[in-house]
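Undergrad: The structure is given below, and queries will be raised subsequently.
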Amino acid sequence: MKRIFTVIYFVFGLSQLVYSQSIQDLMNQVSNANLQLAVSELSGEQATMINGSLQTITSRVYNNNDLAADFIKERLEAFPNLTVEFQNFNTSGKNVIATQLGQTNPDNIYLVCAHYDSVTTYCADDNATGVAAVIEIARIMSTQCTDNTIIYALWDEEEIGLRGANFYASEAVDETNGNTRDNILGVINMDMIGYDGDAPGTAGDNEFDIDVRNIANSIGIKDDLISILNTYTFNLNVIVVNPGTTASDHSRFWNQGYSAVLVGESWETNDQTPDYHTSGDRVDDIDFQYMTELTKLVTGYFATKAGLLSLDNTLTQSPTELASNETSGSYQWINCDTNTPINGETNQTFTPVTSGNYAVEVSNGSCVERSICVSFSVLSTEEFNPNDIRVYPNPVTHILKIENQSRLSLHITLNDISGKKLRTLKTKKDYLEIDVNDLTSGIYFVEIASQTKSSTIKIVKE
Ligand SMILES: [Zn+2]
């Protein structure tokens with residue numbers, strides 16, 4: 001018996017697998033577990049892979065924190081759509097800057113930042129928390145193509161005079177040598193976002209501060225954050241501090257006339273960590289539920305302001321192929337099992353020849369969004385015995401009749417000569433009719449498949 005290969009469809013009918021990318025969905029991707037792990041790694045509670053070996057970040061003090069910088073750079077480099085660089089500003093000072101270029105207005109910049117240096121060992125709250133949050137926001141937002149540019153900045157030497165941020169902000173406004181002033185539209189600095197200690201032994205009051213001043217559109221950032229708090233569900237209570245503190249990196253952006261705010265635990269209600277600037281500032285004292293909420297809020301701000309491009313990274317799965325739902329992008333199909341692109345598979349549709357898990361990357365300019373991976377099964381099947389299936393009359397003018405003696409559940413499609421599906425149905429009946437009166441004269445194919453057998457029958461419509 002002749003054996004052929006046919007794709008069999010095991011998923012649930014012709015369902016569409018949707019990967020949503022609403023602002024709520026992006027905020028929901030903030031992972032408490034990711035934040036806990038990153039704070040533990042950054043504060044030296046837990047060893048981690050850096051530069052190919054298991055190492056412990058035992059210091060983030062400004063003149064002994066290159067390992068922390070390497071850790072941050074490596075984590076950011078693992079995400080799509082980012083360009084990651086060190087920005088050296090003196091012999092010991094080194095910012096880590098990751099840029100996600102906007103596809104529509106690349107000169108419009110939104111910047112999220114935190115300082116990674118510390119005054120002594122551990123310093124989990126100050127400021128492994130802010131760094132972990134920036135990395136988590138980068139992980140989530142880097143999967144999206146955006147209208148505007150997002151910059152993820154991790155500053156060095158905050159603790160000895162806000163030096164890293166000062167250098168960056170000064171460079172941003174430098175107009176010598178033909179440079180133009182960077183169009184930074186919003187800065188959110190996260191410094192100490194993990195302590196909520198009111199009412200010891202209870203859950204805390206979830207109060208946090210937004211430190212703002214009436215500089216450029218800083219008030220507007222505060223308003224946008226409050227709007228997000230009111231639009232979505234948070235377990236947070238906001239306290240607006242105006243005039244806000246100048247004692248962290250955002251103030252260096254104020255100095256240059258940029259819009260900026262600080263988001264963090266509530267110094268205003270005297271609810272900052274009691275272990276401030278001591279090696280008692282350990283991961284055990286971090287309230288990760290609270291920190292997760294603050295990270296979600298800031299994610300919501302950048303998801304809103306960056307402008308999510310309507311690039312559709314959803315897929316439709318049919319019995320014979322996978323199709324991207326994006327109609328105008330570029331495509332690259334991916335083998336998820338090897339995490340490699342499939343050579344030559346750059347069309348909107350893809351017919352796998354082996355069973356496996358597949359995804360598609362759709363791109364717009366230099367930005368790429370990847371779909372979820374879907375499972376696709378290709379089974380070796382036999383053709384039906386000619387006595388099992390009868391399709392008649394052929395040629396046909398009005399009613400096409402199908403007799404099924406196989407006792408198998410059938411998946412039947414009627415395709416035109418280009419492969420376009422005109423009718424799709426599933427049946428266990430032993431007789432059915434398909435009205436083809438509306439079809440133009442020509443050649444058509446009836447594909448009939450069970451889980452184990454298939455046949456394709458050519459018919460002529462008169
Ligand atoms: Zn700090």
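Undergrad: Being touching a Lys or Arg at 6+ places or on another chain (Cβ under 8 Å) and assigned to a strand (DSSP E or B) is the filter; apply it to segment 228-272 and report the residue that is surrounded by the fewest Cβ atoms within 10 Å (Cβ to Cβ).
TA: Val240
Yes/no per residue for (1) within 15 Å of the ligand (Cβ to nearest atom); (2) under 30 Å from Ser363 (Cβ atoms); (3) in the same structural domain as Ser43 (by TED's automatic domain parsing):
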{"site": "Asn90", "(1), (2), (3)": "no, no, yes"}
{"site": "Thr120", "(1), (2), (3)": "yes, no, yes"}
{"site": "Ala128", "(1), (2), (3)": "yes, no, yes"}
{"site": "Ile140", "(1), (2), (3)": "no, yes, yes"}
{"site": "Thr146", "(1), (2), (3)": "no, yes, yes"}
{"site": "Ile151", "(1), (2), (3)": "no, yes, yes"}
{"site": "Tyr168", "(1), (2), (3)": "no, yes, yes"}
{"site": "Leu185", "(1), (2), (3)": "no, yes, yes"}
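Undergrad: Then there is this: Find the residue count for segment 88-128, including only residues that are closer than 16 Å to Asn64 by Cα and of a type in the set (S, T, N, Q).
TA: Within segment 88-128, residues that are closer than 16 Å to Asn64 by Cα and of a type in the set (S, T, N, Q) number 9.
Undergrad: Restricting to segment 391-405, what's the tally of residues that are at pLDDT below 90 and in a loop (DSSP other than H, G, I, E, B)?
TA: 1
Undergrad: Using the structure shown, decide if Thr245 is touching an Asp or Glu at 6+ places or on another chain (Cβ under 7 Å), of a type in the set (Val, Ile, Thr) and within 16 Å of the ligand (Cβ to nearest atom).
TA: Here the answer is yes, as Thr245 does meet what is asked.
Undergrad: Is one or more of the residues making up segment 84-93 surrounded by 18 or more Cβ atoms within 10 Å (Cβ to Cβ), free of Cβ contacts under 8 Å to residues at least 24 places away in the same chain and not basic (Lys, Arg)?
TA: Yes, segment 84-93 contains a residue that is surrounded by 18 or more Cβ atoms within 10 Å (Cβ to Cβ), free of Cβ contacts under 8 Å to residues at least 24 places away in the same chain and not basic (Lys, Arg).
Undergrad: Please state which one of Asp196, Asp191, Asp174 is more than 27 Å from Ser92 (Cβ to Cβ) and among the acidic types (Asp, Glu).
TA: Result of the check over Asp196, Asp191, Asp174: Asp196.
Undergrad: Ok, one more. With Glu383, Glu369 as the choices, which residue is acidic (Asp, Glu), in contact (Cβ under 8 Å) with a residue 24 or more places away in the chain and surrounded by 18 or more Cβ atoms within 10 Å (Cβ to Cβ)?
TA: Glu369
Undergrad: Still on this structure, please answer the following. What strands (runs of 3 or more DSSP E) completely inside segment 326-390 contain at least 2 residues that are touching a strand residue (DSSP E or B) at 6+ places or on another chain (Cβ under 6 Å) and of a type outside the set (A, V, I, L, M, F, W, C)?
TA: 330-335, 356-364, 367-370, 378-383
Undergrad: Hey, another quick one. Which one of the conditions (1) away from the ligand (no atom under 16 Å from the Cβ); (2) without any contact (Cβ under 8 Å) to a residue 24 or more places away in the chain; (3) farther than 30 Å from Asp312 by Cβ does Gly161 fail to meet, given that it meets all the rest?
TA: (1)
Undergrad: Next question. State whether one or more residues within segment 54-62 are polar (S, T, N, Q), touching a residue at least 24 places away in the same chain (Cβ under 8 Å) and closer than 30 Å to Thr146 by Cα.
TA: No; the residues of segment 54-62 include none that is polar (S, T, N, Q), touching a residue at least 24 places away in the same chain (Cβ under 8 Å) and closer than 30 Å to Thr146 by Cα.
Undergrad: Does Thr452 count as exposed (fewer than 15 other Cβ atoms within 10 Å of the Cβ), more than 16 Å from Thr320 (Cβ to Cβ), out of contact with any Cys (no Cβ under 9 Å at 6 or more places or on another chain) and among the β-branched types (Val, Ile, Thr)?
TA: Yes.
Undergrad: So how many residues does segment 132-158 have that are in a loop (DSSP other than H, G, I, E, B), among the charged types (D, E, K, R) and in contact with a Lys or Arg (Cβ under 9 Å, 6 or more places away or on another chain)?
TA: 2
Undergrad: Mind listing just one residue for me: the one in segment 99-115 that is in contact with a Gly (Cβ under 8 Å, 6 or more places away or on another chain) and among the hydroxyl-bearing types (Ser, Thr, Tyr) and, of those, farthest from the ligand (Cβ to nearest atom)?
TA: In this case the residue turns out to be Thr104.
Undergrad: Criterion first (surrounded by fewer than 20 Cβ atoms within 10 Å (Cβ to Cβ) and among the aromatic types (Phe, Trp, Tyr)) does Phe71 satisfy it?
TA: no
Undergrad: Here's a follow-up. For segment 288-320, which residues satisfy the criterion of being more than 30 Å from Tyr195 (Cβ to Cβ), surrounded by 16 or more Cβ atoms within 10 Å (Cβ to Cβ) and of a type outside the set (A, V, I, L, M)?
TA: The answer is Gly307, Asp312, Asn313, Thr314, Thr316, Gln317, Ser318, Pro319, Thr320.
The values are calculated or read from the model by the stated rules, or taken from the named source; none is laboratory data. Please read all numbers here as calculations on a predicted model, not as lab measurements. All Cβ positions, glycine included, derive from the backbone under ideal geometry; neighbour counts span all protein chains shown.
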